[in-house]
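Structure, as structure tokens:
The values are calculated or read from the model by the stated rules, or taken from the named source; none is laboratory data. These numbers were taken from a predicted model, which means no experiment stands behind them. Note: ideal-geometry Cβ built from the backbone for every residue, glycine included; neighbour counts use all protein chains shown. Areas reflect the complete protein model, heavy atoms only, side chains present, ligands, DNA and RNA absent. Shrake-Rupley method; radii C 1.70, N 1.55, O 1.52, S 1.80 Å.
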Amino acid sequence: ILPARLMAASLVADLLGEVEENLVVKAGAAGDDDLNVSIQVRLWYGRYALVWRGSHWEEVLLCHALYPQEKSVGVSSMDAPYWLCSTTTSTDDAFIWAALHLVEGHFKFVSGTGAERTVPPEIDAKLVHWIDQEFVDVDVAEARIEEAPSVAESLGYLPACAFSQAGSPEGGIPDVHTQLWSGRSAVIRRGSKYDEVVLCQQLQPGDFRRWLCFTTDESGRARIWTAVQLVDDHFFVLWPAGVERILPHQAKRAQVRNEHVNWIDDDFLEEKVIEACLQEASCTAEKLHALQETDWYYCTAGKDEECGIPDVFEPYRQRRCRFLAATVGVACVVLAAIAGLRYWGLLGLTQQMSFLVDVLDETVEEVMADVPWYVKVPVKIVLKVTRSSLAILFGKAH
């Protein structure tokens, strides 16, 4: 190892560039400088960098150094090649987290911060995919850096092969959560128990805490879709995917045991079943987003009630049932009105059916609970006008 470190020393100096005085560890100093932290980590932490991917330079913010167990020691000129980074989606509309492996010659540091960032002189600015200005505010960057350690903790074990490599012919930078968590099981706390779900697709771009998942119903015999909101300290992602999954060390530290979990039956965790669900997830997510806001809700980890995991489409099905019941009721009223008109005539029919207006007026809120206001308001106005007309005709006081 020692000869390799000596050979790498000159490259290390080139990579470091100018070292600020406050980062130099002085012999005999009164301060407790930590010699266990690489100078590369201290210099690169919180800096913007350009990483070559495919045919473009992608900008990232280095937020947290990572240390895969398989990383070789001493043979590289870089002590900190693995980083958890903040960047944006390919459409620049949301933040994502990325796990990157920096490779010598395939990354460059950006000068300046915020709107003052400038490209290194040796790089063609036309080949740079910058992070959108909306996402590089100094306060926003500091918030992402502060959040990074907890994000790294939630990711758990990261093998070296899971990192996107600088210099790769593959373009863009993938979302590390989509890359690593899609198709994997997670257990989320609901009351005193944990329920297992399989993470399929993020429901909001770049939001690793909101997922479309599948699990099984209370009987354990049928698969259902659910929308899950992950909350720190109340969920654990399992490794590996499929029937061989086990609780991570973070769960064991929290004293979560296998008997505390409502597990999905292994038949639903076969590779072909999970692959089919992952392919179906995008269409399911589109259907979900097409519904009204009141038609579904997130199942939030950490709830203290013993509530289990709900079917995300159940509120929509209930509303449809109420709507169909109301439609059948209206149809019955229309048919009864036609029959009554022939039997009693117009005046008699109006008197006979006045009670129905009162009933509908009392139940309209319940029957049309999930109907938009622009439908509900005209219906209530019609009922009020009808009841007032009846009161005028028959002298009823309402």
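General remarks:
- For the range 157-172, 3J(HN,Hα) per residue [Karplus equation, 6.51 cos²θ - 1.76 cosθ + 1.60, θ = phi - 60°, Hz, x = Gly/Pro]: 5, 10, x, 4, 5, 7, 8, 6, 9, 5, x, 5, x, 6, x, x
- The order of the peptides 132-142, 226-236, 89-99, 50-60 by mean Cβ neighbours within 10 Å, most packed first, is 50-60, 226-236, 89-99, 132-142.
- In order along the range 138-145, phi translates into HN-Hα couplings of 4, 5, 5, 4, 5, 5, 5, 5 Hz, rounded to whole numbers, per the Karplus curve 6.51 cos²θ - 1.76 cosθ + 1.60 with θ = phi - 60° and x for Gly and Pro.
- Sorting Asp295, Asp175 by solvent-accessible area of protein heavy atoms yields Asp175, Asp295, largest first, with a 1.4 Å probe.
- A straight Cα-to-Cα reach below 19 Å connects Lys252 with the aspartates and glutamates Glu153, Asp195, Glu196, Asp232, Asp233, Glu244, residues fewer than 8 places away in its own chain not being considered.
- Percent carbon-and-sulfur accessible area, the range 115-155, ignoring ligands, DNA and RNA, probe 1.4 Å: 53 percent
- Full-stretch length increase - Ser150, Ala125 - with 0.36 nm per residue and alpha-carbon distance subtracted: 5.6 nm
- Here the simple spin-label model places points 7 Å from the Cα toward Cβ, and for Asn258 and Lys272 these points are separated by 2.7 nm.
- For the peptides 320-329, 18-27, the ranking by mean Cβ contacts within 10 Å, running from highest to lowest, is 320-329, 18-27.
- Label-to-label distance, nm, for residues given as Val25 and Glu280 (7 Å Cα→Cβ offset): 5.6 nm
- Over the range 109-179, accessible surface divided per residue gives 53 Å², non-protein components excluded, 1.4 Å probe.
- For the range 244-277, trypsin sites (Lys or Arg not before Pro) meeting the loop criterion (DSSP other than H, G, I, E, B) and having at most 15 other Cβ atoms within 10 Å: Arg257.
- Cβ-Cβ FRET estimate between Ala222 and Val243, R0 fixed at 22 Å, reported to 0.05: 0.70
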